[in-house]
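The values are calculated or read from the model by the stated rules, or taken from the named source; none is laboratory data. Everything numeric here is computed off the predicted structure, so don't read it as measured data. Every residue, glycine as well, gets a Cβ built from its backbone with ideal geometry; the counts of neighbours run over all protein chains shown.
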Amino acid sequence: MKSIRGLLFTALLTGLIAAVALTGMSVYLRVLHELDVVFDYQLKEVAYAATMAHPDQLLLPLPSDSASYEREARLAVQIWKGDQLVYASNPKRPIPKQRQGLTTLYLDDRQPVMGWRVYTLYSKDKMIQVSQPLEARREVGIGMAWRSVRPLIVAAGFLVVLVLVSVSYGLRGLKRVASDISSRSATSLDPIEEAGLPREVVPLVHRINDLLNHLGHAFDAQHRFIADAAHELRTPLAVIQLQAQFLERNTDEKERAEAHRQLKGGVRRASHMVGQLLALARLEPEMGGSADEHLSLDDEAGEVVFDLKPLAEANGVNLALDTDTAWMIGDPEALRALIYNLVDNAIRYTPAGGTVAVTVRPSGVNALLQVTDTGPGIPPAERERVFERFYRLPGTSAGGSGLGLAIVKSALDKLNGTIALSAGEHGNGLKVTVSLPRAGEEPTEAPESG
């Protein structure tokens, strides 16, 4: 697992080491170059001094500063008259006569490091050569270069500590957020305090707080759903239990037959409610759902009408379908739940001899689904509340769980659609108009409807 602290420290330390190394190398090379210039100048000065002094005077000690420097630099002076060497401060260093000026001389090819830097000066009747070992230059140069670079190394050590402390201090906001989250229980969804956090951490905390807020709403909805479901299922299950006990104790055949019929009806209603609850739970945003597909709204409506035809015939309701081609992209499970519950509700609330009409029409960028019935309708004052879970119109006699339109609303949220309730034809019944985003054209291969 990667560590932000480790990545930052590694990156900064690598950059710091590279910068110190490059700076140190630059200083080192610069010092060596400057020393070469100084040493060459020293050779020239000694040579010019030798032109004006008697050879015996060259044996005298130089002033304190120059003598110390000369001993360290290991200079040697030779004076020639013609082909005769008349003076040599270091007889063990035989330097052949060279041309005028500065020369770098290697007498032994097998040891190229053992060379000399020589300055040759011709003056009237004599030639003066001042030589210096390259090794001496290197020793002096390395010592001075090291003294120049050493402060950089000390500063680098200080900067390493500073980087480590700065990285740790800069990440304290993330550490605080991590500590806050790790100390919470599974039900603690209070927002994380943002005061005092670095600007770079605040967007992350915003997203976490948004997530905690969504989780809080989801938990609240789940708790309400469980409480409502338990409350609504308690009554039908209690009725079923009483009917089963009555059926068990009763010996009269007619009464037993009636009790058996009522028991079957109670089981059917309870099963319907459980199915509606499961459908509603599957449509919750937290449950995800199936992937969006290219769907034919008219085909889906036709399949639902076909499935509910027996229920309409059993209730004496005429179920009609009139569609045009309309394609859309969405969740197939949500679309089927939407159409099924609208048509199922219309059939259940339409009295015998009435009509339920289902139409599908494309309309600009939308596809319109309309379900119109000749039932009692919904008063305008109640049209907002009917989408609440388990809400049923006062005085209604039709069987139902009060979840049909709540499922429709959840499905619409998934499909990004809108719904409008109005009076039906001639002010009677109810017309439900659903508007859904329409796809541009039919796919190459039409998907199979579920």
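Residues that are at pLDDT below 75, under 29 Å from G330 (Cα atoms), acidic (D, E) and out of contact with any Phe, Trp or Tyr (no Cβ under 9 Å at 6 or more places or on another chain) do not occur anywhere in the stretch 271-284. The single condition among (1) modelled with pLDDT of 85 or more; (2) under 23 Å from L35 (Cα atoms); (3) not acidic (D, E) that M127 does not meet is (2). The selection criterion, being among the polar types (S, T, N, Q) and either in contact (Cβ under 8 Å) with a residue 60 or more places away in the chain or out of contact with any strand residue (DSSP E or B) (no Cβ under 7 Å at 6 or more places or on another chain) (or both), does not hold for S89.
Examine the stretch 169-192 for a residue that is surrounded by 14 or more Cβ atoms within 10 Å (Cβ to Cβ), modelled with pLDDT of 80 or more and among the hydrophobic types (A, V, I, L, M, F, W, C), and state whether such a residue exists. Within the stretch 169-192 (the criterion being surrounded by 14 or more Cβ atoms within 10 Å (Cβ to Cβ), modelled with pLDDT of 80 or more and among the hydrophobic types (A, V, I, L, M, F, W, C)), the answer is no, since none of the residues qualifies. Test Y41 against the criterion of being at pLDDT 85 or above and more than 60 Å from the chain's Cα centre (by Cα), and give yes or no. Taking the combined requirement at face value, the residue satisfies it. Yes or no: the stretch 55-74 includes at least one residue that is touching a helix residue (DSSP H, G or I) at 6+ places or on another chain (Cβ under 8 Å), at pLDDT 80 or above and in the same structural domain as P151 (by TED's automatic domain parsing). Looking through the stretch 55-74, none of the residues is touching a helix residue (DSSP H, G or I) at 6+ places or on another chain (Cβ under 8 Å), at pLDDT 80 or above and in the same structural domain as P151 (by TED's automatic domain parsing).
Screening T104 on (1) exposed (fewer than 13 other Cβ atoms within 10 Å of the Cβ); (2) at pLDDT 80 or above; (3) of a type outside the set (F, W, Y); (4) more than 22 Å from P91 (Cα to Cα) shows it passes everything except condition (4).
For S363, indicate whether it is surrounded by fewer than 19 Cβ atoms within 10 Å (Cβ to Cβ) and modelled with pLDDT of 85 or more. Taking the combined requirement at face value, the residue satisfies it.
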